[in-house]
1. Suppose we filter region 99-116 for residues that are of a type in the set (Gly, Ala, Ser) and more than 19 Å from Asp56 (Cβ to Cβ); how many remain?
2. Any idea which of (1) modelled with pLDDT of 70 or more; (2) within 30 Å of Thr64 (Cα to Cα) is the one Pro120 doesn't satisfy?
3. Test each condition in (1) modelled with pLDDT under 90; (2) surrounded by 12 or more Cβ atoms within 10 Å (Cβ to Cβ) for Glu158 and report the one that comes out false.
4. Which of the residues spanning region 157-179 are of a type in the set (A, V, I, L, M) and more than 37 Å from the chain's Cα centre (by Cα)?
Amino acid sequence: MSHALILPVLRLDAERIPFHADPILAAIERHSEAWSVFQVAPEGEASDAADDETHDSLNALLATPCATRAGMLCLIRHLRWWLSEEAPNAAAHCCQGAADSWAIAEVREAELSRCLGVEPIQRLPLALPSGRLIGPTINLRPVPAPARLGRALAAAGELMAAVALIGGGCVLTGLASLL
């Protein structure tokens, strides 16, 4: 009897969480409300209290995990909006306490975007052993004939180098075994 038949099927709790119960939605709502209150708060003590609540809600937002894919998309959308709105005040967010909330927000948005694939990923070119670089993107434009010929010759040269290395290694191994 196979052991796979005995083991129970494990399911993640994230699979069972409905969209509306995702804790990130409450954190987004809290931050959005605090930011709105801060924008209309009169100068003085009310403005300071609203500013403190805005920073507390931002730190809570950045620390709250997403439980669903839809929650991740909502957080990406909210962070992109907030980063674009608060871009002129980015330096003020860098000096708030020990945490650099601006940089953390940028990193969290980029990390979730990469995780979900909602924007193109920027990759570095790959270096081959021959020193050639392979670009990270695929160019769908038609390639002119001279360029195709040059690429074919370069690939043929790499193939010949590989065959020469393997063949030479076989010959040297054969000669060494005769000694």
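1. Of the residues in region 99-116, 2 are of a type in the set (Gly, Ala, Ser) and more than 19 Å from Asp56 (Cβ to Cβ).
2. Result: Pro120 fails condition (1) only.
3. Among (1) modelled with pLDDT under 90; (2) surrounded by 12 or more Cβ atoms within 10 Å (Cβ to Cβ), the lone unmet condition for Glu158 is (1).
4. Met160, Ala161, Val163, Ala164, Leu165, Ile166, Val171, Leu172, Leu175, Ala176, Leu178, Leu179 - these are the residues of region 157-179 that are of a type in the set (A, V, I, L, M) and more than 37 Å from the chain's Cα centre (by Cα).
The values are calculated or read from the model by the stated rules, or taken from the named source; none is laboratory data. Just so you know, these numbers come straight off a predicted model, no measurement behind them. FYI the Cβ positions are ideal-geometry reconstructions off the backbone, even for glycines, and counts take in every protein chain you see.
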